[in-house]
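Trainee: Below is the structure I would like to discuss, written out as structure tokens.
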Amino acid sequence: MSILDKMVEDGDGRFWGFLGCRYIKGDGKEVQIALTAGEHHTNSMGIIHGGVLTSLMDQAMGMVATAAMEVDGCVTTNLNVHFLAPMKQGELTVTATVLHQAGRSVTTQSEVRDASGTLGCMATATFRIARPRT
């Protein structure tokens, strides 16, 4: 079982499952996850809460960082988010890729798009190995 498959399997009872994330595909270079955003994901203005979008990107970037470094786990040490367009209820797709890898850290980028392809937000993050592969 790949590290990504294990992360997804273990995630149902964790924040991943609470958010409603779905794994689409991934490897050590790119990960795609999705969410069918509902009313419970919205803020008081009726758009998807920025915390939900940030969590989705952090999750996808953490997954690609873990796969790229071939470790059992890593932690976010820096996260920068740019909100570009309001996201509404419906299908959201998150794509995360590796930008740079050196030593015990990896820098990633991600974006969230809705079903029509609108770019809602993007982020970069740096991760550090927390659990080397055993």
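Trainee: What net charge do the residues around G46 carry, taking every other residue with its C-beta under 11 Å from that of G46, with Lys and Arg at +1 and Asp and Glu at -1?
Mentor: Details: positive: K88; negative: E39.
Net local charge, G46 excluded: 0.
Trainee: Ignoring ligands, DNA and RNA, what percent of the 1.4 Å accessible area of segment 1-99 is carbon and sulfur? Please report the intermediate quantities before stating the final value.
Mentor: Working: 2590 of 5100 Å².
Its accessible area is 51 percent carbon and sulfur atoms.
Trainee: Between H40 and A130, 0.36 nm times their residue separation minus their Cα-Cα distance comes to what?
Mentor: Contour length minus the Cα-Cα distance gives 29.2 nm.
Trainee: Quickly work out the H49-to-V75 label distance, labels modelled 7 Å from Cα along the C-beta direction, and quote it in nm with one decimal.
Mentor: Distance between label points: 2.4 nm.
Trainee: With r as the distance between the Cβ atoms of T118 and K25 and R0 = 22 Å, compute the FRET efficiency 1/(1 + (r/R0)^6) and round to 0.05.
Mentor: Efficiency for this residue pair is about 0.55.
Trainee: For T126, what is the net charge nearby, where nearby means another residue's Cβ is under 14 Å from its Cβ and Lys, Arg count +1, Asp, Glu -1?
Mentor: +1
Trainee: What accessible area per residue comes out for the chain, rounded to a whole number of Å², with a 1.4 Å probe? Don't skip to the end; give the middle numbers.
Mentor: Working: 7080 Å² over 134 residues.
Accessible area per residue, the chain: 53 Å².
Trainee: For segment 3-129, what D do you get in µm² per second when you plug the Kirkwood radius from alpha-carbon pairs into Stokes-Einstein at 20 °C and 1.002 mPa s?
Mentor: Approximately 149 µm²/s, per Stokes-Einstein.
Trainee: Per the helix-only calculation at 222 nm, which mean residue ellipticity applies to the chain, given -39500 (n - 2.57) for every DSSP H run of n ≥ 4 and division by its residues, nearest 500 deg cm²/dmol?
Mentor: The per-residue figure over the chain is -7500 deg cm²/dmol.
Trainee: Take R14 and A85, extend 7 Å from each Cα along the Cα→Cβ direction, and tell me the distance between the two endpoints in nm.
Mentor: 3.2
The values are calculated or read from the model by the stated rules, or taken from the named source; none is laboratory data. Please read all numbers here as calculations on a predicted model, not as lab measurements. Note that each Cβ is placed from the backbone with ideal geometry, even for glycine, and that neighbours are counted across all protein chains shown. All accessible areas refer to the heavy atoms of the entire protein, side chains included, with ligands and DNA or RNA removed. Shrake-Rupley method; radii C 1.70, N 1.55, O 1.52, S 1.80 Å.
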